[in-house]
1. Assuming residue 98 fulfils every condition listed in (1) within 30 Å of residue 13 (Cβ to Cβ); (2) surrounded by 15 or more Cβ atoms within 10 Å (Cβ to Cβ) apart from one, which condition is it?
2. Taking interchain pairs and intrachain pairs at least six residues apart, which have beta carbon atoms under 7 angstrom, with the first residue in region 1-23 and farther than 18 Å from residue 89 by Cα and the second charged (D, E, K, R) and modelled with pLDDT of 60 or more?
3. Residues that are of a type in the set (A, V, I, L, M) and modelled with pLDDT of 90 or more, at least 1 per element: which helices (runs of 4 or more DSSP H) completely within region 29-148 meet that?
4. Against the condition on the phi > 0 side of the Ramachandran plot and surrounded by fewer than 18 Cβ atoms within 10 Å (Cβ to Cβ), how does residue 43 come out, does it pass?
5. Going by the conditions given, is residue 85 in contact (Cβ under 8 Å) with a residue 24 or more places away in the chain and crowded, with 17+ Cβ neighbours inside 10 Å?
Amino acid sequence: MRRDARDAGPGRWAPGLAWLLWALTLSGLAAVIWLDLLLRRAGRPELALRVHEFVYVVALVGMASVGAVLAGRQPRHPVGWLMLVLGVLVMVDGVTDSYARYGLLASPGAVPAVRHLRTLGTPSPCGRPASASSCCSPRPVRCRRPDGDGGSGPPSSRH
């Protein structure tokens with residue numbers, strides 16, 4: 001085997017790919033925070049990230065960071081890649097969920113191509129767009145209605 005054939009293996013390009021995916025995860029975190037701020041400025045704080053969701057997102061960035069270090073130093077080790085890819089995928093889900101919340105509910109028509117996101121998930125009974133994580137949840141969605149009723153399902157039209 002020639003020396004240049006060995007240099008083209010995963011040890012040469014894998015660290016760059018790992019850190020590129022990590023940077024994508026961090027840019028997703030910045031986008032989620034920016035969209036959260038836009039939701040709050042639009043007067044819809046109920047659609048913004050709650051504390052436990054933000055802690056979850058930050059923990060996933062930490063997991064993606066550990067994955068980037070592992071994949072960058074040990075490119076053939078699958079755990080680093082799994083951690084990195086999981087962090088990226090959950091961040092993509094968070095960005096699309098926040099984008100859909102802002103574009104469909106908080107400020108309709110303010111952002112481009114938001115109608116295409118509607119096809120990715122069905123609306124939840126609360127009227128919030130369902131994300132991949134919420135539509136796969138075994139628990140039913142519980143809504144908080146303006147009248148204080150916490151029932152599941154859309155508000156009734158009877159008064």
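1. Single failed check for residue 98: (1).
2. Going by the 7 Å Cβ cut-off, the qualifying pairs are 10/76.
3. 51-73, 78-100
4. yes
5. So residue 85 fails the test.
The values are calculated or read from the model by the stated rules, or taken from the named source; none is laboratory data. Since this is a predicted model, take the numbers as computed values, not measurements. Reconstructed Cβ throughout: ideal geometry from the backbone, glycine too, with neighbour counts over all protein chains shown.
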